[in-house]
């Protein structure tokens, strides 16, 4: 695509790039640049997942309750390995 074409339809080019296309910009038939989709890192995907899926308000309370239940099943007695 020529630089002139790119200037006239920049919004359309951005839409195409957003959908995964790579657009090469030329001047006088010579490639001078390329627009490529932005790469998402795993951190970006995690941030988006956390943003789009808010935490359950009662989750911390559930964990605290489970922790208390588990703790009640054990004593503070420290034992060695069998046979020691």
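Only the coordinates and a few stated rules stand behind these numbers; no lab work does. Bear in mind the structure is a predicted one, so any value in this text is a computation, not a measurement. Backbone-built Cβ (ideal geometry, glycine too); neighbour counts: all protein chains shown.
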Q) Which angle from 0 to 90°, rounded to the nearest 10, does the C-alpha axis of helix 59-72 make with the longest principal axis of the chain? A) 30
Q: Take each of the peptides 24-34, 67-77, 6-16, average the number of other beta-carbon atoms within 10 Å over its residues, and list them starting from the highest.
A: 6-16, 24-34, 67-77
Q.
Please report the projected area of the range 1-41's Cα convex hull averaged over all directions, in nm².
A. 2.9
Q: State the label only: which of (1) 85, 36, 12; (2) 42, 32, 18; (3) 48, 40, 24 corresponds to Cα extents along the principal axes in Å computed from the shown model?
A: (1)
